[in-house]
Every structure is written in structure tokens, then in C-alpha cells.
Amino acid sequence: MIDIRLHDTMAREKRLFEPADPGRVTMYVCGPTVYNRAHIGNARPAVVFDVLARLLRHVYGRDSLVYARNVTDVDDKIIEAARAEGVDPSAITDRFERFYLDDMGALGVAPPTIAPHATEHVAEMVAMIGRLIEGGNAYEADGHVLFHVPSDPAYGALGRRDREAMIAGARVEVASYKKDPADFVLWKPSSEGVIGWDSPWGRGRPGWHIECSAMIERHLGRTIDIHGGGLDLIFPHHENEIAQSRCAHGGAPLARYWVHNGFLSMAGGEKMSKSLGNVVSVADLLAEGHKGETLRFALLSAHYRQPLEWSFSLIAQSKATLDRLYRTAGDAAPGTVDAGVVEALADDLNTPLALARLSAIEDAPVLRASGALLGLLGETQVSWFQGEGDARIDGLVAERTEAKKRRDFAEADRIRAVLADEGVLLEDGPAGTTWRRA
Ligand code: AMP
Ligand code: ZN
């Protein structure tokens, strides 16, 4: 068995990964709130945890991983978007969930094993909130139910923030109801005409954090192996998930390993985020003609815990490297996976090293199989190069004509061979060279 090491945010160090049951490895990653188009920063966790899922399947067996990624389909931003368009919230969430799956699919992200929706698990959330109230960890106040943070002495272990920082981060939206400023919402009332469900505390809707605790319990169990998400989710989201689940489960921990990805930033290090207005959507990048696989390669070029600066030269370098890999891979069927690539991934998902090792592979079948482990080299060679702009091919043909003029026939033949590999055939005639796709 290959040893996998993962950096665990809770332990603050790399730890040997030992699943509770190697026959059923469980992983949960917080998924999208579906009311807008994903930007390339949002795609980073999806791609990173897709690679981790591929690695876990490679090591423990195809059917040994249960990977859940939720869909947050009830949220104030969704309600706002629905109101602005004069449609039902489900019209917004259906549309943007489809877009999300299309965009992530283009990046080679395989669908998770389970994609639970918040709106389909309200009963489980209500039951868990009821247990928290019974256990003295939550209280009702004016139609709201709040988690009482001081009731949980272990609160704050993941982020290790001091109390002042936690209070500042607890979004003081219903301060007047709170027994303690750090308390957070489990349930809130819905006014007439706003999406809501009946509950023992009146008609309302769940807070964000409780959905993950309830859906993890329902689909994966009390204690899961890996819980993941972006760095920004550590506090308050994951801290609150931990408190809810632990208190509802008699002290059983929510997850055995906590894995968090760093941010994607724009030049100068500014985090890509909607509120800063510097976002580049995945859909726009695809529409500009970049291949999903090129974007995926770029996302994997930095270690997942490090910041990643997004730029056009990064995209161009990624494309050039993939072109070279596709030339080596040819149309070979996948063989065995390169041990060096597996070893790099098993060391806390060291994708930069894995990509460097991939680039050094000369054996086409091994290259194909190793690429697949990273979700790369999924196309045939012809289809990879077919999407190319004709301008590049025209340029290569012109270079070849120049080479022939200076009687550099070796270079001319090299260019002909490169194009032939891509399925582009050249015909030399009296009026010059023309080309066509095979
Ligand atoms: P948001 O739309 O901001 O709620 O983010 C949705 C998901 O994308 C969360 O898991 C965030 O951690 C992640 N995310 C948002 N912005 C970035 C970014 N610039 N880089 C990496 N991950 C991000
Ligand atoms: Zn979550």
C-alpha cells in the first residue's frame, strides 16, 4: 500500500493518512452556492480535490471512495438573485448548478459520488438542531435558533483564533438575540413570500453551516476521513460545522483530516473574488478558446496550499507543455502509472513535482496512464491539436517554406512531421503549400 501524507489543518502538520476503513474512504468538500458563474478561483478547490479523489481511488480501489460535494441551494444571495429576476429560487439554482457542472466538466473534474442539495435535507437539519437544543448547545430566540458558542469548550480548535477575532468574524446580524456575540445562526425565520419550511420554531430556513453537518451525518457518517475546502472556510464555516457535529454526536469528531487549498490571485497578489471585482469566469476563459485541460494544468502548476498567481503567461506555458506531452503521448493506450508521479501526489498532493515528472516520461503508454491520474491527457492527439487556431498552422507552413528556401530540408521535414502528428497534411504545389486536416 502506498503511504499518502496530507497536511492536516487541525494538526498543523503533514500526517500519514490512515482511513478509518480502507474499504470505504469518506471525503466531503464544501461545494458551490449556486447563484452565479464560477470564476477560475472557485475552480481551484474543485480541481484540487478531484486530483485527491483520483489518488485515493488509485491507492484504495475504484469503489473504495465515497466523495460528497454539496450544493448550497438555499441562501440569501440566491433569494436576492431570484427576487431581482422575478423568478423562483429554484430557477436560479437549477440554472447555475448546470453551469457549474458544465464548467467543472470542461476542467476534467469528475462528478463526486454524491452531490447532496441543502433543500433536500431540511428535515435532517431540523432534527440536528433539535438535538443541539436538547443538549443545551443551542437556544431559540425570536424565531431564530442560535448555537451557543460558550457551551462548547472545544470551540475554535481548527482556526485557533482568539475570541475577539471570532466575534468580529461571526457576522453580527442578529446581535440583539444573541446570548453571546460569537453565537451563530442555525435557523432563521422566513417572511411571507420568502422560501421557507415549517419547523418547531416557526416557518423559516436553515443557516449555512448546519447543512454540511446534517448532510455529512446523513450520507457519510458521524466521523469522516477527509473534510476539505478553501482556506477562507476554516473560520467561521468549518469551525461551526465541527462544533455542531461534535455536540450533536456526543463528542465524536467530525473529520480525521482537514485539508484546505490556498487562494488564486491576480497579478500583484490580490485574491480573485467577486467582491473585489477582479474575477475571470471559467466560461469566459473557455469562450476565449483556452482548452479546459490547459486551465486545469495551470491550476495544478502550484502546490494546492500555496497561493497561485493567475496570468496569461501561465496559461500559455501550460498550453505549450501540454502540446509537448500530447506529441509524446501520441495515440497510445494507457499503460501503467509512473511510480514517481504517484509518489509526488502521495506527498501532500505535490502537483508541481508530479507535473515535472510527467514531463520527463518518454514512454507513451506510461505517459497516458500517469496523465489520467492527474485528469490530464484525456483527448486523442488529433482532437487536442484540431482545436488549434489555423493561424498557428499557417505560421508553421510558412516557417517550413522558409526552411526549404534556405535548403534546410531537415527542418522542413521536422515541421511536416510535427503537423502530421497533429493530423495536418501538407501538399506542395506550384502555387505553394496548402494544408488540410486528415
Ligand atoms: P465563494 O463563491 O466566495 O463563496 O467561494 C466558493 C468556493 O471557492 C469556496 O470554497 C472558496 O474557498 C473558493 N474560492 C473563492 N475564491 C477563491 C480564490 N480566489 N482562490 C481559491 N479558492 C477560492
Ligand atoms: Zn461546508
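Tell me which residues, restricted to region 40-58, are open to solvent by 20 Å² or more (accessible area, probe 1.4 Å) and away from ligand 2 (no atom under 14 Å from the Cβ).
Listed by number, the residues that qualify are 42, 54, 57, 58.
I need the helices (runs of 4 or more DSSP H) fully contained in region 358-409, keeping only those with at least 1 residues that are among the aromatic types (Phe, Trp, Tyr).
381-386
Of the residues that sit in region 10-39 and are open to solvent by 20 Å² or more (accessible area, probe 1.4 Å) and of a type in the set (Ser, Thr, Tyr), which one is farthest from ligand 1 (Cβ to nearest atom)?
Restricting to residues being open to solvent by 20 Å² or more (accessible area, probe 1.4 Å) and of a type in the set (Ser, Thr, Tyr), the top hit is 35.
Pairs, please: C-beta under 9 Å, at least 6 apart or cross-chain, first residue without any contact (Cβ under 8 Å) to a residue 40 or more places away in the chain and near ligand 1 (Cβ under 9 Å from one of its atoms) and in region 224-242, second open to solvent by less than 10 Å² (accessible area, probe 1.4 Å) and of a type in the set (S, T, N, Q)?
Close Cβ pairs satisfying both conditions: 231/261.
Would you mind finding the one in 285, 264, 276 that is surrounded by fewer than 21 Cβ atoms within 10 Å (Cβ to Cβ), within 16 Å of ligand 1 (Cβ to nearest atom) and at negative phi?
276
Tell me the residue from 159, 193, 202 that is under 32 Å from the mean Cα position of the chain (by Cα) and assigned to a loop (DSSP other than H, G, I, E, B), please.
159
From the list 134, 140, which one is in contact with a Phe, Trp or Tyr (Cβ under 8 Å, 6 or more places away or on another chain), more than 30 Å from residue 87 (Cα to Cα), modelled with pLDDT of 95 or more and of a type outside the set (A, V, I, L, M, F, W, C)?
Going through 134, 140 in turn, just one is in contact with a Phe, Trp or Tyr (Cβ under 8 Å, 6 or more places away or on another chain), more than 30 Å from residue 87 (Cα to Cα), modelled with pLDDT of 95 or more and of a type outside the set (A, V, I, L, M, F, W, C): 140.
Restricting attention to region 220-238, report how many residues are near ligand 2 (Cβ under 10 Å from one of its atoms) and either part of a helix (DSSP H, G or I) or open to solvent by 30 Å² or more (accessible area, probe 1.4 Å) (or both).
3
Is it the case that residue 269 is touching a residue at least 40 places away in the same chain (Cβ under 8 Å) and touching an Asp or Glu at 6+ places or on another chain (Cβ under 9 Å)?
Here the answer is yes, as residue 269 does meet what is asked.
Name the residues in region 243-254 that are without any contact (Cβ under 8 Å) to a residue 60 or more places away in the chain and either in contact with a Cys (Cβ under 6 Å, 6 or more places away or on another chain) or open to solvent by 30 Å² or more (accessible area, probe 1.4 Å) (or both), would you?
The answer is 250, 251, 253.
Look through region 173-201, keep the residues that are over 29 Å from residue 252 (Cα atoms) and loosely packed, with under 15 Cβ neighbours inside 10 Å, and return whichever of them is nearest to ligand 1 (Cβ to nearest atom).
Checking each candidate, the answer is 173.
Name the single residue, out of those in region 408-435 being of a type in the set (A, V, I, L, M, F, W, C) and touching a Ser or Thr at 6+ places or on another chain (Cβ under 9 Å), that is most open to solvent (accessible area, probe 1.4 Å).
Out of the qualifying residues, it is 426.
Could you grab me the full set of residues in region 380-400 that are open to solvent by 50 Å² or more (accessible area, probe 1.4 Å) and either farther than 26 Å from residue 410 by Cβ or at pLDDT 90 or above (or both)?
380, 386, 387
Is region 133-150 home to any residue that is without any contact (Cβ under 8 Å) to a residue 60 or more places away in the chain, assigned to a loop (DSSP other than H, G, I, E, B) and surrounded by 19 or more Cβ atoms within 10 Å (Cβ to Cβ)?
Checked against the condition, which is being without any contact (Cβ under 8 Å) to a residue 60 or more places away in the chain, assigned to a loop (DSSP other than H, G, I, E, B) and surrounded by 19 or more Cβ atoms within 10 Å (Cβ to Cβ), region 133-150 yields at least one hit.
Looking for something among the aliphatic types (A, V, I, L, M), under 22 Å from residue 345 (Cα atoms) and not in a strand (DSSP E or B) - is there at least one such residue anywhere in region 88-108?
Yes, region 88-108 has at least one match.
Return only the number of the condition from (1) within 16 Å of ligand 2 (Cβ to nearest atom); (2) among the hydroxyl-bearing types (Ser, Thr, Tyr); (3) surrounded by fewer than 17 Cβ atoms within 10 Å (Cβ to Cβ) that residue 257 does not satisfy.
(3)
Identify, by number, the condition in (1) more than 21 Å from residue 17 (Cα to Cα); (2) touching a Gly at 6+ places or on another chain (Cβ under 9 Å) that residue 305 doesn't meet.
(1)
Please note which helices (runs of 4 or more DSSP H) are completely contained in region 248-331 and include at least 1 residues that are within 20 Å of residue 37 (Cα to Cα).
Because the criterion is at least 1 residues that are within 20 Å of residue 37 (Cα to Cα), the helices (runs of 4 or more DSSP H) in region 248-331 that meet it are 282-287, 292-300.
For (1) open to solvent by less than 20 Å² (accessible area, probe 1.4 Å); (2) at pLDDT below 95; (3) over 20 Å from the mean Cα position of the chain (by Cα), each residue gets a yes or a no:
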{"position": "318", "(1), (2), (3)": "yes, no, no"}
{"position": "324", "(1), (2), (3)": "no, no, yes"}
{"position": "331", "(1), (2), (3)": "no, yes, yes"}
{"position": "346", "(1), (2), (3)": "yes, no, no"}
{"position": "350", "(1), (2), (3)": "no, no, no"}
{"position": "354", "(1), (2), (3)": "yes, no, no"}
{"position": "371", "(1), (2), (3)": "yes, no, no"}
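Checking residue 366 against (1) of a type in the set (A, V, I, L, M, F, W, C); (2) surrounded by 18 or more Cβ atoms within 10 Å (Cβ to Cβ); (3) in contact with a helix residue (DSSP H, G or I) (Cβ under 8 Å, 6 or more places away or on another chain): exactly one of these is not met. Which one?
Residue 366 satisfies all of (1) of a type in the set (A, V, I, L, M, F, W, C); (2) surrounded by 18 or more Cβ atoms within 10 Å (Cβ to Cβ); (3) in contact with a helix residue (DSSP H, G or I) (Cβ under 8 Å, 6 or more places away or on another chain) except (3).
Return the pairs, sorted by first residue and then second, in which the second residue is open to solvent by less than 10 Å² (accessible area, probe 1.4 Å) and in a helix (DSSP H, G or I), the first residue lies in region 51-68 and is under 20 Å from residue 354 (Cα atoms), the beta carbons are less than 6 Å apart, and the residues are 6+ apart or on different chains.
Partner pairs satisfying both residue conditions: 55/345.
The values are calculated or read from the model by the stated rules, or taken from the named source; none is laboratory data. Not measured: the values here are computed from a predicted model. No Cβ is skipped: glycine too gets one built from the backbone with ideal geometry, and neighbour counts run over all protein chains shown. Surface accessibility is based on the protein's heavy atoms, side chains included, excluding ligands, DNA and RNA. Shrake-Rupley method; radii C 1.70, N 1.55, O 1.52, S 1.80 Å.
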